[in-house]
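The values are calculated or read from the model by the stated rules, or taken from the named source; none is laboratory data. Keep in mind the model is a prediction, meaning the values are calculated, not measured. Here the Cβ positions follow ideal geometry from the backbone for every residue, glycine too, while neighbour counts run over all protein chains shown. Protein only, heavy atoms only, side chains kept; ligands, DNA and RNA dropped before computing areas. Shrake-Rupley method; radii C 1.70, N 1.55, O 1.52, S 1.80 Å.
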Amino acid sequence: MQNELVSEIYETLLGKIGHLHWWPADTPFEVVVGTILTQQTKWTNVEKAIEALKMSDLMEPEKLADADVEQIEELVRCCGFYRQKARRLQDIAGFFATEGMDNIFSLPTDELRKIMLSLKGVGNETADSIVLYAADKPKFVIDAYTTRIMKCIGIEGNYMQLQSLFEAGLPSDVPLYKEYHALIVEYAKNYCGKKQCEDCTLVHRFREKEVNNG
DNA sequence: CGCCAGGGCATCA
DNA sequence: TGATGCCATGGC
């Protein structure tokens, strides 16, 4: 039942928006940096900060870990919460510099997720974004947009419940997970206001289906 | 000027 | 488990 719904939403979004090439980055570590910086911030700000870090030759775990935190603060200031983010970035960089990113990313998916969650500044969404977009392992990312859209359609749940719902309704496929999450974000950004859903044709479509079915 | 952005954490009930 | 306040800059 709900498994079909998950697939149908994907097909609808894909037809409406088309394929996206999301989260372009030169290295997996750059993706990790992006997951922290993008928290509660627009991606255009993150691009500036990433570029600034690269210009300062800090886009490597060892170099970022050894940098002055004040310098990192200035480079990521445009992303907001810059004092927290600078310290958290440095902590994570230190972790990867010590453990070796290849070693960490070759761990089993669930183990990797747990380790990422143990880092300060890494919650459910950021951990899953790292697992999926940096380590290329199948974990479906749930964000505020996903929660909002599903609630509009009539399905509520906490993070893990929604993640289980999506993963149960889809083949365990990394490119699919990546694109689906990207489609949800792109759709919601343009069509779903925080309060009103009047322009949300996706919601209308599935509400009609629901009415017709029962 | 007010609102919100691809969250997470400490604190409290 | 769930709700609340806080972190903070930038764009519209």
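Here are the numbers:
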| item | result |
| --- | --- |
| Dipole magnitude of the range A:119-174 about its Cα centre (Cβ charges: Lys, Arg +1; Asp, Glu -1), debye to nearest 20 | 140 |
| Lysine-lysine proximity count for the range A:28-134, Cα under 21 Å, sequence distance 8 or more or distinct chains | 10 |
| Carbon plus sulfur fraction of accessible area for chain A, probe 1.4 Å, in percent | 48 |
| Probe 1.4 Å, accessible area per residue of the range A:28-134, Å² | 48 |
| Given charges at beta-carbon only (K, R positive; D, E negative), |dipole| of the range A:28-134 in Debye | 440 |
| Förster-model FRET efficiency, 30 Å R0, A:GLN84 and A:ASN190, C-beta, rounded to 0.05 | 0.55 |
| Square roots of five times the Cα gyration tensor eigenvalues for chain A, Å | 34, 19, 14 |
| Cut-off 14 Å between beta-carbons: net charge of the residues surrounding A:ASN3, Lys and Arg +1, Asp and Glu -1 | -4 |
| Whether the range A:1-63 is rounded, prolate or oblate, judged on the alpha carbon gyration tensor where a/c under 1.5 counts as rounded | prolate |
| Cα coordinate range in the range A:28-134, projected on the principal axes (Å, largest first) | 35, 26, 19 |
| Electrostatic dipole magnitude of chain A [Cβ: Lys, Arg +1; Asp, Glu -1; Cα centre; debye, to 20] | 780 |
| ³J(HN,Hα) computed for each position of the range A:46-52 - Karplus, 6.51 cos²θ - 1.76 cosθ + 1.60, integer Hz, glycine/proline x | 5, 4, 5, 5, 4, 4, 5 |
